[in-house]
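This report refers to the structure that appears directly beneath it.
The values are calculated or read from the model by the stated rules, or taken from the named source; none is laboratory data. What you see is a predicted model; the values in this text were computed from it and never measured. Cβ: placed from backbone, ideal geometry, glycine included. Neighbour counts: every protein chain shown.
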Amino acid sequence: MKAYVLIKVIIGTSETVVEELRQISGVREAHAITGPFDAIALLQAPNPAEIATLVISRLQKIEGVKETLTCFALSS
């Protein structure tokens, strides 16, 4: 299962947050982006519960992360 996580960060922390995201097992890609969100991460895990755990226990605890929005992929 895949999910995209849109992330809002504290001003000036995008690069640091993206680098930390890339170090997390289960994060397949991470990029700084333009628009209302500052970064995006592609997560992959066997099921939705594991993606939720990854977002709550790892992504949301990165210093500089203010908000996340998780969007589950409907197809591969």
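If you take the residues of the range 32-47 that are more than 17 Å from residue 14 (Cβ to Cβ) and hydrophobic (A, V, I, L, M, F, W, C), which of them is surrounded by the most Cβ atoms within 10 Å (Cβ to Cβ)? Looking at residues that are more than 17 Å from residue 14 (Cβ to Cβ) and hydrophobic (A, V, I, L, M, F, W, C), I get 43. Within the range 48-76, the set of residues being loosely packed, with under 11 Cβ neighbours inside 10 Å and either within 12 Å of the chain's Cα centre (by Cα) or of a type outside the set (Ser, Thr, Tyr) (or both) comprises 49, 57, 61, 63, 74. When the criteria are applied in full, residue 15 fails the requirement of being closer than 15 Å to residue 71 by Cβ, at pLDDT 95 or above, surrounded by fewer than 18 Cβ atoms within 10 Å (Cβ to Cβ) and of a type outside the set (Phe, Trp, Tyr).
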